[in-house]
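A.B. asks: Structure in structure tokens, see below.
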């Protein structure tokens, strides 16, 4: 089943993304967080069996966190990007790892880098970062320069090398 | 029997780079494995939000060291989508040359790693030596051997140097003549026949659902290749086959697919296909400009929007989701690397039940490249 037909059946508004270079059509839609699971299930049964990625975008001005669930169908050769928006100050969602197992890994990363909580995922511990004690670093308000100055300028220089610095 | 914990990596002959597998074994059998990454994290995605659209081209090749060009190509295609640019035909062909050379180089490294893991150490020495001829070509074309920074939005940096295609033809002839030797060393070797079939099996019905792509998916019997399902560059004009289980041509079909044997034979057959593609390009490459006329690179503004571009790397689907808010820098870039699923999710699922001696070969047969997990 074509993506457009599924969108029409579910009554979801969609837009087509611009494509140059590649050739298959890509559709983007904004959906309600509480309906997302059902929508992904519907797409999965209609041939969208390749879960490409879960991306997170921090829209700091709008006060939103956008989660983009990206699916691809090897049958109809179409890409679908399903976006949900969560409040930025307390982003919380449920895990969808039972639909596609690799979502677990993406959720671990989004949790660590953006601070989004995924209820039901028990592996949201340390993943890429080690001993991190600041705000999630991929958030737009994380000041990298300030962090480096605070963290590393207090580290004493190696003895004997102070004059040369 | 008592359970033991073993750490494979980050500095270990059986790890495919700077990553670690935390393995629990009962006797010789793996009970559980967990992947630990983070040794290569440099926050590329964050850095990209601070650099101009063009500066990023110099940054992103570092996301995959053995095959850097796929990053440049997919990023460039995503930016072109947002800019609504159609690049010249010649640029598409030159991009295909670079991407196929990168694929050859990636496959030679993958086969080297696998052969080393099953104890056939001559293979890596010969293949790494042969790969140097490909790096010579890269040096002549781009100025760099490892990182090329050659494909950028709008086309490629410069045209092919004089005599490049002749030299390319010679290297392809040489590489083709060496394939027989690779077969004698590895692909027709009894050690390979004994140790590869039905080892590290991904369940065929789960392969797509688990996010397996590239040669690993084709080894499961699906003839899916981004060059065909979502064509880019000059691939729509080129004729090539997609090697997949059980269509192995002159190679015997051992095992039941989805195993180390199929994954490595698919890679070996793809070398032949890459040579075939490159020979077609040498004959068909059109004349014309190699790039569009570009605006002032410092004042580039990319229209707001979302764009996703994907290419087929030697490891699987490599994609860039680029989001612009209309500014001079990207608002957000998300890199979808094939190793993200292969190295963590798939490896953790197929490891239980493996003999500990088969753990490293299985990891190598998935061809995991840790930098694209962490970015």
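Quick note: the coordinates plus some simple rules give every number you see, no bench work behind them. Fair warning: this is a prediction, and the values are worked out from it, not measured in the lab. With ideal geometry, Cβ positions are generated from the backbone for all residues, glycine too; neighbour counts draw on all protein chains shown.
A.B. asks: Mind jotting down the distance between the C-alpha centroids of the stretch B:126-153 and the stretch B:279-332, whole Å?
C.D. replies: The two parts, judged by their Cα centres, are 20 Å apart.
A.B. asks: Classify the stretch B:41-189 as rounded, prolate or oblate from the Cα gyration tensor: take a ≥ b ≥ c as the square roots of its eigenvalues, call it rounded if a/c is under 1.5, otherwise prolate when a/b beats b/c and oblate if not.
C.D. replies: Working: a/c = 2.68, a/b = 1.58, b/c = 1.70.
It comes out oblate by the Cα gyration axes.
A.B. asks: For a label point 7 angstrom out from the Cα of residue B:209 toward its Cβ, which stretches of the stretch A:61-86 have the backbone nitrogen within less than 16 Å?
C.D. replies: A:72, A:74
A.B. asks: Sticking with this structure for a sec: Can you give the mean number of other chain Cβ atoms that lie within 10 Å of the Cβ atoms in peptide B:337-347?
C.D. replies: Working: counts 1, 0, 0, 5, 8, 1, 1, 7, 8, 2, 0.
Rounded to a whole number, the mean comes out at 3.
A.B. asks: Treating the angle as unsigned and between 0 and 90°, give the value, to the nearest 10°, between the Cα long axis of helix A:36-45 and the longest Cα principal axis of chain A.
C.D. replies: 60
A.B. asks: Using only the Cα atoms of the stretch B:73-124, what are the Rg and Dmax in Å?
C.D. replies: Just the Cα atoms of the stretch B:73-124 yield Rg and Dmax of 17.0, 51 Å.
A.B. asks: What percentage of all Cα-Cα pairs in the stretch B:3-374 are separated by more than 33 Å?
C.D. replies: Numbers: 19418 of 69006 pairs.
Cα-Cα pairs in the stretch B:3-374 separated by more than 33 Å: 28 percent.
A.B. asks: Could I ask something else about it? Taking a ≥ b ≥ c as the square roots of the eigenvalues of the Cα gyration tensor of the stretch B:246-361, is the shape rounded (a/c under 1.5), prolate (a/b larger than b/c) or oblate? Mind showing how you got there, number by number?
C.D. replies: Details: a/c = 4.23, a/b = 1.52, b/c = 2.79.
Cα axes put the stretch B:246-361 in the oblate bin.
A.B. asks: Less than 20 Å from a label point 7 Å out along the Cα-to-Cβ axis of residue B:282: which backbone N atoms in the stretch B:201-235 qualify, by residue?
C.D. replies: Counting backbone N atoms under 20 Å from the label point, the list is B:234-235.
A.B. asks: To the nearest 500 deg cm²/dmol, what mean residue ellipticity at 222 nm is calculated for chain B from DSSP H runs of n ≥ 4 alone, each contributing -39,500 (n - 2.57), summed and divided by the residues? Write down the numbers at each step before the final one.
C.D. replies: Working: 13 runs with 150 residues, N = 375.
Taking each H run of at least 4 residues, the total per residue is -12500 deg cm²/dmol.
A.B. asks: Using only Cα atoms, find the angle between the long axis of helix A:103-114 and the longest principal axis of chain A, and express it within 0 to 90 degrees, rounded to the nearest 10.
C.D. replies: 40
A.B. asks: Counting only DSSP beta bridges with both residues in chain A, tell me the antiparallel percent, nearest 5. Display every interim value, and only then the final one.
C.D. replies: Details: 22 of 30 bridges.
Of all bridge pairs located within chain A, approximately 75 percent are antiparallel.
A.B. asks: Sticking with this one: Take the alpha-carbon centre of the stretch A:61-137, take the same for the stretch B:160-176, and report the distance between them in whole Å.
C.D. replies: Going from one Cα centre to the other spans 46 Å.
A.B. asks: Along Cα→Cβ, 7 Å out, is where each label goes; now give me the distance between the ones at residue B:11 and residue A:144 in nm to one decimal.
C.D. replies: It is 2.8 nm.
A.B. asks: How far apart, in nm, are the 7 Å Cα→Cβ label points at residue A:41 and residue A:90?
C.D. replies: Output for this residue pair reads 2.7 nm.
A.B. asks: Determine the shape class of the protein assembly as shown: with a ≥ b ≥ c the square roots of the Cα gyration tensor eigenvalues, call it rounded for a/c under 1.5, and otherwise prolate if a/b is greater than b/c, oblate otherwise.
C.D. replies: Numbers: a/c = 1.27, a/b = 1.12, b/c = 1.14.
Here the protein assembly as shown falls in the rounded category.
A.B. asks: Now for a different question. With axes computed from alpha carbons, what is the tilt in degrees of helix B:122-142 against the longest principal axis of chain B, rounded to the nearest 10 within 0 to 90?
C.D. replies: Helix B:122-142 sits roughly 10 degrees off the main axis of chain B.
A.B. asks: Can you tell me the convex hull volume per residue for the stretch A:3-152, based on C-alpha atoms, in Å³ to the nearest whole number?
C.D. replies: Values: hull volume 20.8 nm³, N = 150.
Given the Cα convex hull of the stretch A:3-152, per-residue volume reads 139 Å³.
A.B. asks: Turning to a different aspect of this structure: If the label point is 7 Å along Cα→Cβ of residue B:167, which residues in the stretch B:103-140 have backbone nitrogen under 13 Å from it?
C.D. replies: Of the residues in the stretch B:103-140, B:133-140 have backbone N under 13 Å from the label point off residue B:167.
A.B. asks: Next question. Give, in nm to one decimal, the length gained when the segment between residue B:228 and residue B:136 is fully stretched (0.36 nm per residue of separation minus the Cα-Cα distance).
C.D. replies: On the way: separation 92, 0.36 × 92 = 33.12 nm, distance 2.91 nm.
The span from residue B:228 to residue B:136 would gain 30.2 nm if fully extended.
A.B. asks: If I model a spin label as a point 7 Å beyond the Cα along the Cα-Cβ vector, how far apart are those points for residue B:18 and residue A:130 in nm?
C.D. replies: It works out to 1.0 nm between the two label points.
A.B. asks: Using alpha carbon centroids, what distance separates the stretch A:14-57 and the stretch B:33-107, in Å?
C.D. replies: 23
A.B. asks: Between A:153, A:16, A:117, which gets the highest mean-square fluctuation from a Gaussian network model of chain A, Cα cutoff 10 Å?
C.D. replies: Judging by the Gaussian network model, the answer is A:153.
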